[in-house]
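> Okay, handing you the structure first.
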Amino acid sequence: MASAYDYDLFTIGAGSGGVRASRVAAGLGARVAVAEERYLGGTCVNVGCIPKKLLVYASHFAEDFEDAAGFGWTVGERRFDWARLIENKNKEIERLNGVYARVLDQAGVTRIEGRARLVDAHTVQVGEQRHTAERILVATGGWPSLPEIPGIEHAISSNEAFFLERLPERVIVVGGGYIAVEFAGIFHGQGAAVTQLYRGPLFLRGFDEDVRQALAREIGKSGIDLRFDTNVTRIDKAGSGVRVTLTDGATLDADCILYATGRRPLTEDLGLEAAGVALDAKGAIVVDDYSRTNVASIWAIGDVTDRVNLTPVAIHEAMAFVRTAFGDTPTKPDHEDIASAVFSQPPIGTVGLTEAEARARYGEIDVYRSSFRVLKHTLTGRDTQSMLKLIVDRASDRVVGCHMVGPEAGEIIQGFAVALKCRATKAQFDATIGIHPTTAEEFVTMREPVTD
Ligand code: NDP
């Protein structure tokens, strides 16, 4: 019998999660539409992971040119053209937008441009048009959240940082999370004078303590003016830049102030109330273990649910949703042992529990830690240390946490994430022969636990 609805699935938001769910559901034969008001690919493709990583690559060259001298190279005159970098980045993002459009078209998904609002449990309105669907998937993501302090309108968020016409000479970065440390490194690497302000005693709350301290030490050495226990009380326009007043009353002048003070789920003005969808205190959509909301026909995945706000997690949740809703196989997304990287300079890679979490969960643990200068820098003379750390549950010998601060940390930790997912023991780490000479080999050669 033909369905009474226009579509089997109507997805709101064509970001990482929404596109994957739409495409795969269509591949299973579902009639799918996806509405997007902004850009295909969402935050990750347009104002997140992808352009961020490109800017991080760009910002490494200054250091690489300096380091080349230790290997006998003389590097000639250097010049950096921010406008060209942004133009090239924009071209690549446009290409990716096109890839996303094609992927959806080829899967037979109907693309609808515009803002979608729920009318009821099975109806979505975009502009004047109403669409009905058996299931609705909300995948609208998140948006930068800035505190309401006087003059906040003079600040930019990461959204705007990707499109600055000129590289600011002096930048203030406010915040101590992923985005703040990544952008502080990006602007510093391009040659800007950067001050990073974090309101607490040590940034990157939630990460392992040794990781936080190691990165603070390295950033401190890099020339970024990193200040803890400092916040902004007001921002005033000063010439073409800003004058920023700090909690201790001091002022700082800059050409640009970037706020990276968290992101909030994008749930406003979506008609969620009309449809009766429950939100939590932070405005995130509440879902069960299968990503279903309190309204049986409405589901939600990705940052709008504020579970683990990472692109690969949204994609994983999308796949679990499609299996559950269209594949006859109820599947819960698995949020255990999710590896992630922070593309700070040096970067962080991490999977599993922090030392504090492991201690709370297992009681008796062993910690292995190693800090050293990587081989490359024996010739460059650069004063930088990498830090590697393993946390082992003593009773089972399982490695329950694996953390690193140092070059290629993201690339290295990805492989160890597989080992943790396979519940590898320390004995199995020890039985693995290292690849010499690499930094990663240290993870299989640490024999003596740290004594407290
Ligand atoms: P985070 O939540 O990670 O960090 C926000 C930071 O801002 C914290 O240091 C917080 O301090 C501080 N802060 C919050 N409110 C204020 C305020 N009113 N005044 C001053 N400081 C404040 O958010 P991000 O914006 O950095 O990133 C958002 C999410 O995006 C992350 O959770 C992450 O999942 C994802 N992301 C992932 C990346 C990756 O995988 N590489 C890269 C970028 C983003 P406090 O700790 O004291 O609360």
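The values are calculated or read from the model by the stated rules, or taken from the named source; none is laboratory data. Please read all numbers here as calculations on a predicted model, not as lab measurements. With ideal geometry, Cβ positions are generated from the backbone for all residues, glycine too; neighbour counts draw on all protein chains shown. Each accessible area value is taken on the protein alone, full model and side chains, heavy atoms only, with ligands, DNA and RNA left out. Shrake-Rupley method; radii C 1.70, N 1.55, O 1.52, S 1.80 Å.
> Which numbered condition trips up Glu182, out of (1) open to solvent by 50 Å² or more (accessible area, probe 1.4 Å); (2) among the acidic types (Asp, Glu); (3) within 12 Å of the ligand (Cβ to nearest atom); (4) under 18 Å from Arg263 (Cα atoms)?
Exception for Glu182: condition (1).
> Right, another one. Only one of Phe183, Phe207, Phe203 is assigned to a helix (DSSP H, G or I), of a type in the set (A, V, I, L, M, F, W, C) and under 18 Å from the mean Cα position of the chain (by Cα); which? First the steps, then the outcome.
Values: Phe207 fails: assigned to a helix (DSSP H, G or I); Phe203 fails: assigned to a helix (DSSP H, G or I).
Answer to the selection: Phe183.
> Looking only at the range 126-155, count every residue that is within 15 Å of the ligand (Cβ to nearest atom) and open to solvent by less than 30 Å² (accessible area, probe 1.4 Å) and tell me the total.
Of the residues in the range 126-155, 5 are within 15 Å of the ligand (Cβ to nearest atom) and open to solvent by less than 30 Å² (accessible area, probe 1.4 Å).
> Looking at Gly48, Gly15, Gly70, can you tell me which residue is at pLDDT 95 or above, surrounded by 17 or more Cβ atoms within 10 Å (Cβ to Cβ) and in contact with a Gly (Cβ under 7 Å, 6 or more places away or on another chain)? Step through it out loud before you land on a result.
On the way: Gly48 fails: in contact with a Gly (Cβ under 7 Å, 6 or more places away or on another chain); Gly70 fails: surrounded by 17 or more Cβ atoms within 10 Å (Cβ to Cβ).
None of the others qualify; the one that does is Gly15.
> Another question, then. Given the residues Arg111, Arg117, Arg130, which is the only one that is charged (D, E, K, R) and without any contact (Cβ under 8 Å) to a residue 60 or more places away in the chain?
Testing whether each residue is charged (D, E, K, R) and without any contact (Cβ under 8 Å) to a residue 60 or more places away in the chain leaves just Arg130.
> Checking the structure you have, find out if any residue of the range 252-274 is within 14 Å of the ligand (Cβ to nearest atom), open to solvent by less than 50 Å² (accessible area, probe 1.4 Å) and without any contact (Cβ under 8 Å) to a residue 40 or more places away in the chain. Reasoning before the result, please.
At the first step, the residues of the range 252-274 found to be within 14 Å of the ligand (Cβ to nearest atom) are 257-266.
Narrowing further to those that are open to solvent by less than 50 Å² (accessible area, probe 1.4 Å): 257-260, 262, 265-266.
Now drop any that are not without any contact (Cβ under 8 Å) to a residue 40 or more places away in the chain, which leaves none.
No, the range 252-274 contains no residue that is within 14 Å of the ligand (Cβ to nearest atom), open to solvent by less than 50 Å² (accessible area, probe 1.4 Å) and without any contact (Cβ under 8 Å) to a residue 40 or more places away in the chain.
> Would you say Thr432 is farther than 27 Å from Lys52 by Cβ and open to solvent by 20 Å² or more (accessible area, probe 1.4 Å)?
Working: farther than 27 Å from Lys52 by Cβ: yes; open to solvent by 20 Å² or more (accessible area, probe 1.4 Å): yes.
Yes; evaluated as a whole, the condition is true for this residue.
> If I filter the range 185-199 down to residues being open to solvent by less than 10 Å² (accessible area, probe 1.4 Å) and within 12 Å of the ligand (Cβ to nearest atom), which single residue comes out as nearest to Pro407 (Cα to Cα)?
Once the filter is applied, the top-ranked residue is Gly185.
> A further question follows. Going through Phe61, Phe65 one at a time, which residue ends up being surrounded by fewer than 16 Cβ atoms within 10 Å (Cβ to Cβ), over 22 Å from Gly27 (Cβ atoms) and in contact (Cβ under 8 Å) with a residue 60 or more places away in the chain? Spell out the reasoning first.
Values: Phe65 fails: in contact (Cβ under 8 Å) with a residue 60 or more places away in the chain.
Exactly one of Phe61, Phe65 is surrounded by fewer than 16 Cβ atoms within 10 Å (Cβ to Cβ), over 22 Å from Gly27 (Cβ atoms) and in contact (Cβ under 8 Å) with a residue 60 or more places away in the chain, namely Phe61.
> Can I ask one more? Restricting to the range 305-347, what's the tally of residues that are among the β-branched types (Val, Ile, Thr), assigned to a helix (DSSP H, G or I) and within 14 Å of the ligand (Cβ to nearest atom)?
Filtering the range 305-347 down to residues among the β-branched types (Val, Ile, Thr) leaves 305, 308, 311, 313, 315, 322, 324, 329, 331, 338, 342.
Filter once more, so that each one left must be assigned to a helix (DSSP H, G or I): 305, 311, 313, 315, 322, 324.
Next, only the ones that are within 14 Å of the ligand (Cβ to nearest atom) stay: 305, 311, 313, 315.
Looking only at that region, the number is 4.
> Quickly run through the range 348-404 and pick out the residues that are in a helix (DSSP H, G or I) and aromatic (Phe, Trp, Tyr). Walk me through it before giving the result.
Start the filter on the range 348-404 by keeping residues that are in a helix (DSSP H, G or I), which leaves 355-362, 376-380.
If the condition is that a residue be in a helix (DSSP H, G or I) and aromatic (Phe, Trp, Tyr), then Tyr362 is the only one that fits.
Residues are listed down the side, and each one gets a yes or a no for (1) more than 21 Å from Leu353 (Cβ to Cβ); (2) out of contact with any Gly (no Cβ under 9 Å at 6 or more places or on another chain):
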| position | (1), (2) |
| --- | --- |
| Asp303 | yes, no |
| Thr311 | yes, no |
| Ile315 | yes, no |
| Ala320 | yes, yes |
| Thr324 | yes, yes |
| Asp328 | yes, yes |
| Asp334 | no, yes |
| Ala341 | no, no |
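> Taking the range 363-422 only, how many residues are small (Gly, Ala, Ser), open to solvent by 30 Å² or more (accessible area, probe 1.4 Å) and either in contact (Cβ under 8 Å) with a residue 60 or more places away in the chain or at positive phi (or both)? Outline the logic, then answer.
Our first condition is that a residue be small (Gly, Ala, Ser); within the range 363-422, this holds for 363, 370-371, 381, 386, 395-396, 401, 406, 409-410, 415, 417, 419.
Then drop every residue that is not open to solvent by 30 Å² or more (accessible area, probe 1.4 Å), which leaves 363, 371, 381, 395-396, 415.
From the residues that got through so far, the ones that are either in contact (Cβ under 8 Å) with a residue 60 or more places away in the chain or at positive phi (or both) too are 363, 371, 381.
So the answer is 3.
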